[in-house]
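Everything on this sheet refers to the single structure shown next.
The values are calculated or read from the model by the stated rules, or taken from the named source; none is laboratory data. As the structure is a computational prediction, the values presented were derived from the model and not from experiment. Reconstructed Cβ throughout: ideal geometry from the backbone, glycine too, with neighbour counts over all protein chains shown. Protein only, heavy atoms only, side chains kept; ligands, DNA and RNA dropped before computing areas. Shrake-Rupley method; radii C 1.70, N 1.55, O 1.52, S 1.80 Å.
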Amino acid sequence: MMNVISSKNISFSYMNSEQASLKEITIGIEEGECIVLCGRSGSGKTTFSRLLNGLCPMFFTGKLSGKCDTAGLQAGNATIEEYVPYVGSVFQNPKTQYFNTDTTAELAFPCENCGFPSEEIKKRVNECVQRFQLEGLMNRSIFKLSGGEKQRVAFAASTMLDPKILVLDEPTSNLDASAISKLRRMIFEMKQSGKTIIIAEHRLAWLNDIADRYVLFESGEIKQEWSAKEFLQLSQSDLYEIGLRATRLDILKEIIENKLNSQAVSGNMLLKASNLVIGYDKKTEVYKLNNFFLYDGTVVGLVGHNGVGKSTLAKTLCGLIKPLSGSIQWKGQMVKGKQLTNHAFLVMQDVNYQLFSDSVRDEALLGNNNHEQCNQVLKMLGLSEVSERHPMSLSGGQKQRVAIASAILSNKELIVLDEPTSGLDHYHMTQVGNLLHMLKKQGKCVLVITHDEELTAQWCDYIIRLDGGNYGTGY
């Protein structure tokens with residue numbers, strides 16, 4: 001087979017950056033291959049994917065040398081518009097690629113943008129909805145979708161023009177196990193139909209039997225390549241040594257099952273919610289909890305399907321939105337919104353909403369002027385080297401760690417983390433886990449909303465599952 005993607009001696013530096021994000025990248029990708037780009041956060045995977053869909057250097061400007069040819073289009077010469085019919089993309093943060101406010105219009109947009117007849121557009125939308133089982137997400141406001149639901153819609157939209165190449169940047173970062181399974185099936189079908197698929201990913205287990213080749217990025221360079229057979233023969237310790245996640249989750253799933261609702265805690269009760277009904281208004285009631293308890297000195301995993309209400313509960317417990325009914329007690333005293341914000345800190349699923357300062361250090365110090373403690377936290381999170389950079393110039397995983405640094409330095413007793421390891425490699429996931437343990441030893445209660453089996457199994461004391469409107473068990 002011929003190469004549909006060919007890169008030779010590619011180097012790229014973003015504008016105003018002294019350090020190259022890519023260095024002498026040479027790789028060929030054959031038509032119909034499924035290639036996994038792996039490596040630690042900030043290693044260059046996302047930058048390379050942006051060369052494949054034309055975003056670098058046309059949108060993300062910078063200095064480019066070498067040659068990168070994608071479906072006959074050369075990076076730096078072809079316009080972004082020329083890539084559109086050939087390359088479908090899903091970004092790490094799907095919010096940045098929406099053009100409409102409702103889901104059905106979002107699916108139709110690529111075809112409308114290319115001038116397709118209305119009947120053809122309707123046909124393609126209907127086929128896409130059925131293929132991805134999106135019936136329950138149609139004709140809804142994108143702003144009211146969960147992070148995982150947004151990601152599913154973004155992936156579906158990327159296929160509307162039937163591109164020959166799909167470039168996916170962390171497509172499962174906010175997806176639950178069921179949604180990952182659906183995505184896996186669709187990627188497998190697309191591969192069977194001859195599509196070329198490039199996936200930059202940290203969560204590796206779901207790619208078994210789909211990927212043909214794994215490419216390891218490190219500090220902007222390709223350090224190693226493996227065939228799928230070679231990669232799956234690597235031991236867990238081998239993977240951890242190079243900063244990669246597990247390729248098998250069987251043992252972790254058993255641990256999670258044992259921790260579900262065990263709640264064998266000995267700490268003091270911090271928070272008690274009774275007959276709590278959460279939502280944004282009475283017409284959109286999301287969830288009801290009869291009794292919900294949190295204790296100091298614990299790390300609690302909160303799991304459940306995309307859209308079940310985990311993030312809504314987090315905002316309610318932190319006083320950012322009011323419960324529709326019910327009560328919340330803090331250390332036995334009835335409290336309301338503003339009082340809860342004095343005790344709780346929320347790291348949001350989309351951390352772009354809560355990064356305000358001009359440097360990482362200033363961001364971390366917003367709630368705490370202790371420079372020595374700040375230095376310690378930045379070092380533990382691997383952020384010392386970027387402490388003077390603007391937070392919005394960082395990778396998704398680095399931004400996540402900046403927000404976590406702010407939470408730790410806030411010195412509040414309840415820390416709520418919404419998908420804290422989304423976009424993180426094993427090395428940085430372990431750093432987050434160590435910090436959870438540190439907060440636990442300090443007597444904090446840490447509530448972790450997550451779909452990350454590795455984090456949940458290894459670092460949570462017990463696990464609560466929200467499921468279908470009930471506060472129940474199972475995973």
- Item | Residues of the stretch 398-426 satisfying the condition of being basic (Lys, Arg) and either in contact with a helix residue (DSSP H, G or I) (Cβ under 7 Å, 6 or more places away or on another chain) or open to solvent by less than 10 Å² (accessible area, probe 1.4 Å) (or both) | Lys399, Arg401
- From the residues in the stretch 442-464 that are at pLDDT 90 or above and open to solvent by 20 Å² or more (accessible area, probe 1.4 Å), which one is farthest from Ser274 (Cα to Cα)? Gln458
- When residues of the stretch 317-353 are limited to those that are of a type in the set (S, T, N, Q) and closer than 26 Å to Ser395 by Cβ, the one surrounded by the fewest Cβ atoms within 10 Å (Cβ to Cβ): Asn352
- Residue count, the stretch 157-178 (criterion: in a helix (DSSP H, G or I) and more than 25 Å from Ile449 (Cα to Cα)): 2
- Note on the structure: Just one listed residue, out of Leu161, Leu175, Leu239, Leu166, is open to solvent by 20 Å² or more (accessible area, probe 1.4 Å) and touching a residue at least 60 places away in the same chain (Cβ under 8 Å), and it is Leu161
- Boolean, Lys229 is over 20 Å from Thr456 (Cα atoms), in contact with a Phe, Trp or Tyr (Cβ under 8 Å, 6 or more places away or on another chain), among the charged types (D, E, K, R) and not in a loop (DSSP other than H, G, I, E, B): no
- Query: What's the number of the condition His305 fails, among (1) within 30 Å of Glu453 (Cβ to Cβ); (2) open to solvent by 20 Å² or more (accessible area, probe 1.4 Å); (3) modelled with pLDDT of 90 or more?
  - Reply: (3)
- Among the residues of the stretch 252-264, the number that are open to solvent by 50 Å² or more (accessible area, probe 1.4 Å) and in contact (Cβ under 8 Å) with a residue 60 or more places away in the chain is 6
- Task: Identify, by number, the condition in (1) part of a helix (DSSP H, G or I); (2) open to solvent by 20 Å² or more (accessible area, probe 1.4 Å); (3) within 25 Å of Asn16 (Cβ to Cβ) that Phe356 doesn't meet.
- Result: (1)
- Note on the structure: Picking from Ile197, Ile222, the residue that is of a type in the set (A, V, I, L, M), open to solvent by less than 10 Å² (accessible area, probe 1.4 Å), farther than 23 Å from Glu454 by Cα and at pLDDT 95 or above would be Ile197
- Message: Just to check your reading of the model, which residue among Ile449, Ile415 is within 15 Å of Gly301 (Cβ to Cβ) and in contact with a Ser or Thr (Cβ under 7 Å, 6 or more places away or on another chain)?
- Response: Ile449
- Can you tell me which residue within the stretch 181-194, out of those that are open to solvent by less than 20 Å² (accessible area, probe 1.4 Å) and farther than 19 Å from Ile29 by Cα, is nearest to the chain's Cα centre (by Cα)? Leu183
- Tally time: how many residues in the stretch 360-386 are over 16 Å from Thr430 (Cα atoms), open to solvent by 10 Å² or more (accessible area, probe 1.4 Å) and either acidic (Asp, Glu) or in contact with a helix residue (DSSP H, G or I) (Cβ under 8 Å, 6 or more places away or on another chain) (or both)? 13
- What about Ala246, is it modelled with pLDDT of 90 or more, closer than 23 Å to Thr430 by Cα and open to solvent by less than 20 Å² (accessible area, probe 1.4 Å)? yes
- Message: I'm told Ser118 meets every condition in (1) at positive phi; (2) open to solvent by 40 Å² or more (accessible area, probe 1.4 Å) except one. Can you identify the failing condition by its number?
- Response: (1)
- Which one of these does Thr96 not meet: (1) open to solvent by 70 Å² or more (accessible area, probe 1.4 Å); (2) assigned to a loop (DSSP other than H, G, I, E, B)? (2)
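Counting only residues that are aromatic (Phe, Trp, Tyr) and in a helix (DSSP H, G or I), which one in the stretch 99-144 is nearest to Thr312 (Cα to Cα)? Let's see the steps before the verdict.
So in the stretch 99-144, the residues aromatic (Phe, Trp, Tyr) come out as 99, 109, 116, 132, 143.
From the residues that got through so far, the ones that are in a helix (DSSP H, G or I) too are 109, 132, 143.
On the way: Phe109: 29, Phe132: 25, Phe143: 13 Å.
Restricting to residues being aromatic (Phe, Trp, Tyr) and in a helix (DSSP H, G or I), the top hit is Phe143.
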- Item | Complete set of residues in the stretch 273-292 that are surrounded by fewer than 17 Cβ atoms within 10 Å (Cβ to Cβ) and either at pLDDT 90 or above or of a type in the set (Val, Ile, Thr) (or both) | Ser274, Asn275, Val277, Thr284
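Among the residues of the stretch 138-151, how many are out of contact with any strand residue (DSSP E or B) (no Cβ under 8 Å at 6 or more places or on another chain) and either open to solvent by 50 Å² or more (accessible area, probe 1.4 Å) or without any contact (Cβ under 8 Å) to a residue 60 or more places away in the chain (or both)?
4
Suppose we filter Arg361, Arg401 for residues that are among the basic types (Lys, Arg), within 29 Å of Gln19 (Cβ to Cβ) and over 19 Å from the mean Cα position of the chain (by Cα); which single one remains?
Arg361
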- Task: Could you name every one of the strands (runs of 3 or more DSSP E) located completely within the stretch 275-348 that has at least 2 residues being free of Cβ contacts under 8 Å to residues at least 40 places away in the same chain?
- Result: 285-295
- Item | Tally, over the stretch 384-439, of residues that are among the acidic types (Asp, Glu) and in a helix (DSSP H, G or I) | 1
